[in-house]
Amino acid sequence: MQDGDKSDSTVDEAAANEPGSAVGVSSDAKGLPDIKRVFEAPLLPIHDVIIFPYTLSPLAIESPEVISMVEDAIAGDKLVCIFPAVPPAPVGGKEALDTQFGEFESFDSGGKPLSRAGTACRIVKKLRFPDDTVRILVRGLKRINALAVKNVPPAVPLVLYEDLLTVTEDDIEVSALAQSVMKLFQEIVSISPVIPEELKIAVLNVNDNARMVDLVVDALNTSFSERLRLLAIPVLKERMRLLVILLSRELEVLKVGTEIQMQVSSTLGQTQREMFLREQLKAIKKELGEGNKNPDIVAIEKTMSETDLPEHVMELLKKELDRLSMIPQAAAEYNVAHTYIDWILSVPWKVFTEDTLDISKARRVLDSDHYDLVKVKERILEFLAVLQLKKDRKSPIICFVGPPGVGKTSLGQSIARAMDRRFVRMSLGGIRDEAEIRGHRRTYVGALPGRIIQGLKKAKSGNPVFMLDEIDKIGNDFRGDPAAALLEVLDPQQNNSFNDHYLELDYDLSSVMFIATANITDTIPPALLDRMELIRLPGYTSSEKRHIARRFLIPRQLKENGLKQRQLFFPSATIDEMISMYTREAGVRKLERTIGTVCRKTARKIVEKQVVPKSRTVLRPGVLKEYLGPRKYLRDEASSKPEVGSAVGMAWTSVGGTILNVEVTTMKGKGVLQLTGSLGDVMKESAQTACSLVRSRARCLRIKSEFFSAHDIHIHVPDGATPKDGPSAGIAIFIALASHLTGRAVRPLCSMTGEITLRGKVTEVGGIKEKVIAALSAGIKDIVLPDDNAKDLQDIPEEVKRRLKFHFVKDVSEAVSFLLAKK
């Protein structure tokens, strides 16, 4: 009821002045029953506590008006009324208890809505504190139901109320509920440390169920809403049912809490025991003079805290650190353990450099460092494109195969620079010990990790470009096979868990870009070769060497020898002279040394005043002898005249292509075939095959069959001191034999290559690019190739193809028709 609402009730003014006394109520007052005993008492404005009958509760009071009201009440009958505030409705709907027991009834007191159910209390004691606050102790007397509020400003409001009678029933269910309440409460008291034993005794001695319920509820740890519900329910049976639910829940919570506490106590007991033992150990060490903490351990702990390490590595480090702390520093085992921990911390477990995925920038870097090598550059750019799409850090495993000096190692450095990765090079030439790859066991004195882990430590990154140089020159002996150890390193399916014998920890190598280099693949084990993507780097042509010298070699040598660009100039003819007459190689390493020799001699002439320092020296081909001496090589030149019994073949060597003259002669004898010229087994077999093919086709070639049994045949391939092998000279040997035995001259300025079979088929061979370029240098005009090698013309530079004529044959009969002159 709002202040001043006189229409809702008519209050007897005489009786209103007597707190706690009954007042008369007219029968037509709204909201009030017809026949009721209505009481009046001060409304204590404390709405955040719930007080049950028969219980004591302390309350704090600060407002002067309320303090004055309390003092008036103490002077009178000491009665006050307390009505709790109705809790707000939960978000999302009603509480479960609202559905089962009904919603709270409330009334308006001029502030928050208050519950109509409250408690009539008697003030037992009042205490005043120095800060002018008052504390009172009140005892709950009975449940009451608010009817109306009477505001008499500025005094505290009075409340009109009636007794809220408890509806009791004496049946079996009530008795069962009472026993359940007692049993659950006794179990809670036995578990809970906060409920005193005296309360248990007091509850056991109460004969009134309503009073027992109030005592139990007051001691129970329940929510404000649940306590208000228990206060407001008028039916004892319903009140007891709700209490059984709350007691059961509280008992389960206490049981779970007890179990957790027991587990924690057990753990703490063990921890305290270990702590006590450690303190004793510290005291013993202090007595022995070992109390100061080892500076090595302090440094290791600091590094561990600053380094991001995998979980399994951190666990192992902690164990090793505990072990290290127990070893005296003077013991030999101390250095072994300390070195092991230091190596683990030095490995880049989670350190990666950020890749530069800009393809155009990578192309510019590769082009600025190397001329041509289109296939290699395309493969690197493809990898960068895949990284942009996939981003899983997995790198390819590539093997560059090519002759010395073509730039395999420097290409690896350029790839690292193009990708902004660190570069590590490991030379495998002459390695014969498996431990060089996998590391040594820690049981050995002076054990260290393998060179793979050492390289990663040096790079300080988990994704460097790792070059395995000269992989074709790995050896093996009684100490193991390093090539077999590399199988795991270079297998993309296995190297994500590479295990070094020294570290004994799995390391992920899948982010490392391995690049192997080799001159040949014959000495590489097939299983290892299968794990790598082969990219062949053929030897450079003379034109390519000229461009490389102009763009890279000459500027570099001028700079290294202190010369300016304007002081020394190399015309193209001079460069060609150095390439053809002073070097013979597939790469450009010797060419660079030759250019360096010219630069050094020029620098000496400038210093000795033989040349004016600011003048420009133009190095003509005719003056090269003054700098480099006489020509070191003579050009292989094919004969321009038709010859009988001599054919020009083509061969591929480690330094590029060359031409081979095959010569045949016969003499009286017994049909013996003699082969000279340092021929290998395969080439000898090719000569025998060619001889057998000529004999089988003697009738077609118009050769008398008895000739072979009466004459010896001698085949020679100069130079005699140069070892030669391979099947590609088969067709040249056959043409030379057929020419000599038939007396038909071989077409001049014509070379050939191809393997032959006993059926006369001309089959595919390799090294076409190098062979064709060498033939052009020797003055060849026509080239005969197997028909299956027609596809290889796309690798030959256009400038070379324009100056040659190519003829493709499938059978030796086609070669005979084209190469041998008519009689």
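Per the conditions (1) at pLDDT 90 or above; (2) closer than 22 Å to Cys399 by Cβ, the sole criterion not satisfied by Glu585 is (1).
Only one entry of Leu563, Leu487, Leu553 meets the criterion of being open to solvent by 10 Å² or more (accessible area, probe 1.4 Å) and under 41 Å from the mean Cα position of the chain (by Cα), and that entry is Leu487.
Any chance segment 490-502 includes a residue that's touching a residue at least 24 places away in the same chain (Cβ under 8 Å), of a type in the set (Ser, Thr, Tyr) and under 24 Å from Ala418 (Cα atoms)? No: zero hits. Could you check segment 148-177 and list, in sequence order, the residues that are over 14 Å from Arg211 (Cα atoms) and part of a loop (DSSP other than H, G, I, E, B)? Within segment 148-177, Asn151, Val152, Pro153, Pro154, Ala155, Val156, Pro157, Leu164, Glu169, Asp170, Asp171 meet the criteria. Within segment 320-334, residues that are within 16 Å of Arg442 (Cα to Cα) have Cβ atoms under 6 Å from residues that are surrounded by 11 or more Cβ atoms within 10 Å (Cβ to Cβ) and of a type in the set (Gly, Ala, Ser) in these pairs: Leu324/Ala337, counting only partners at least 6 apart in sequence or on another chain. The C-beta contact set for segment 558-576 (first residue touching a residue at least 12 places away in the same chain (Cβ under 8 Å) and under 21 Å from His547 (Cβ atoms), second residue in a loop (DSSP other than H, G, I, E, B) and open to solvent by less than 50 Å² (accessible area, probe 1.4 Å), distance under 8 angstrom, 6+ apart or interchain) comprises Leu558/Gln567; Leu568/Leu619; Phe569/Leu619; Phe570/Leu619; Pro571/Leu619; Thr574/Leu619. Annotation: Arg128 fulfils all but one of (1) open to solvent by less than 40 Å² (accessible area, probe 1.4 Å); (2) more than 13 Å from Ile82 (Cα to Cα); (3) touching a helix residue (DSSP H, G or I) at 6+ places or on another chain (Cβ under 9 Å); the unmet one is (1).
Can you name every residue in segment 200-239 that is open to solvent by less than 50 Å² (accessible area, probe 1.4 Å), more than 20 Å from Leu141 (Cβ to Cβ), assigned to a helix (DSSP H, G or I) and aliphatic (A, V, I, L, M)? Answer for segment 200-239, where residues must be open to solvent by less than 50 Å² (accessible area, probe 1.4 Å), more than 20 Å from Leu141 (Cβ to Cβ), assigned to a helix (DSSP H, G or I) and aliphatic (A, V, I, L, M): there is none.
Go through Gly767, Gly754 for me and flag whichever is at pLDDT below 90, on the phi > 0 side of the Ramachandran plot and under 55 Å from the mean Cα position of the chain (by Cα).
Gly767
Have a look at Glu434, Glu470, Glu382 and point out the one that is open to solvent by 20 Å² or more (accessible area, probe 1.4 Å), under 23 Å from Asp530 (Cα atoms) and free of Cβ contacts under 8 Å to residues at least 24 places away in the same chain.
One residue alone meets the criteria, Glu382.
Beta carbons closer than 8 Å, at least 6 apart along the sequence or on distinct chains, pair a first residue in segment 211-226 that is under 14 Å from Phe185 (Cα atoms) with a second that is charged (D, E, K, R) and modelled with pLDDT of 85 or more for Val213/Arg239; Val217/Arg227; Leu220/Glu250; Asn221/Glu250; Thr222/Glu250.
No other residue among Glu663, Glu706 is acidic (Asp, Glu) and under 23 Å from Leu749 (Cα atoms) apart from Glu663.
For segment 584-593, taking the residues that are crowded, with 22+ Cβ neighbours inside 10 Å and in contact with a helix residue (DSSP H, G or I) (Cβ under 8 Å, 6 or more places away or on another chain), the one that is nearest to Arg631 (Cα to Cα) is identified as Leu591.
For segment 490-521, the set of residues classified as open to solvent by 30 Å² or more (accessible area, probe 1.4 Å), of a type in the set (S, T, N, Q) and in a loop (DSSP other than H, G, I, E, B) consists of Gln493, Gln494, Asn519, listed by residue number.
Considering (1) over 30 Å from Arg536 (Cα atoms); (2) open to solvent by 20 Å² or more (accessible area, probe 1.4 Å); (3) among the polar types (S, T, N, Q), the lone condition that Ser580 does not fulfil carries the number (1).
A single member of Val406, Val386 is closer than 26 Å to Ala362 by Cα and touching a Gly at 6+ places or on another chain (Cβ under 9 Å), and it is Val406. Is it true that Arg227 is out of contact with any helix residue (DSSP H, G or I) (no Cβ under 6 Å at 6 or more places or on another chain), among the basic types (Lys, Arg) and over 21 Å from His47 (Cα atoms)? The answer is no for Arg227.
The residues of segment 396-415 that are within 12 Å of Arg379 (Cβ to Cβ) and at pLDDT below 85 amount to a single one, Pro396. Suppose we keep only residues that are free of Cβ contacts under 8 Å to residues at least 40 places away in the same chain and among the aromatic types (Phe, Trp, Tyr) within segment 800-823. Which one would you say is most open to solvent (accessible area, probe 1.4 Å)? This residue is Phe808. Is segment 150-164 home to any residue that is within 29 Å of Val70 (Cα to Cα), modelled with pLDDT of 85 or more and in contact with an Asp or Glu (Cβ under 6 Å, 6 or more places away or on another chain)? Checked against the condition, which is being within 29 Å of Val70 (Cα to Cα), modelled with pLDDT of 85 or more and in contact with an Asp or Glu (Cβ under 6 Å, 6 or more places away or on another chain), segment 150-164 yields at least one hit.
Taking segment 637-704 as the region of interest, the strands (runs of 3 or more DSSP E) fully inside it that hold 2 or more residues being under 30 Å from Leu537 (Cα atoms) and open to solvent by 20 Å² or more (accessible area, probe 1.4 Å) are 646-653, 656-668.
In segment 735-745, the condition of being more than 24 Å from Val672 (Cα to Cα) and among the charged types (D, E, K, R) is met by no residue. Considering only segment 349-363, state which residues are surrounded by 14 or more Cβ atoms within 10 Å (Cβ to Cβ) and over 12 Å from Ser511 (Cα atoms). Those that are surrounded by 14 or more Cβ atoms within 10 Å (Cβ to Cβ) and over 12 Å from Ser511 (Cα atoms): Thr356, Leu357, Asp358, Ile359, Lys361, Ala362, Arg363.
Would you mind listing the helices (runs of 4 or more DSSP H) fully within segment 735-823 where at least 1 residues are within 20 Å of Thr653 (Cβ to Cβ) and in contact with a Gly (Cβ under 9 Å, 6 or more places away or on another chain)?
768-777
Among the residues of segment 718-742, the ones that are under 59 Å from the mean Cα position of the chain (by Cα), open to solvent by 20 Å² or more (accessible area, probe 1.4 Å) and among the hydrophobic types (A, V, I, L, M, F, W, C) come to 1 in all.
The values are calculated or read from the model by the stated rules, or taken from the named source; none is laboratory data. Treat the numbers as computed from the prediction; the structure is a model and nothing was measured. Because the Cβ atoms are built from the backbone with ideal geometry, glycine has one as well, and the counts that use them run over all protein chains shown. Ligands, DNA and RNA are stripped out before the accessible areas are found, and what is left, the full protein with its side chains, is counted by its heavy atoms. Shrake-Rupley method; radii C 1.70, N 1.55, O 1.52, S 1.80 Å.
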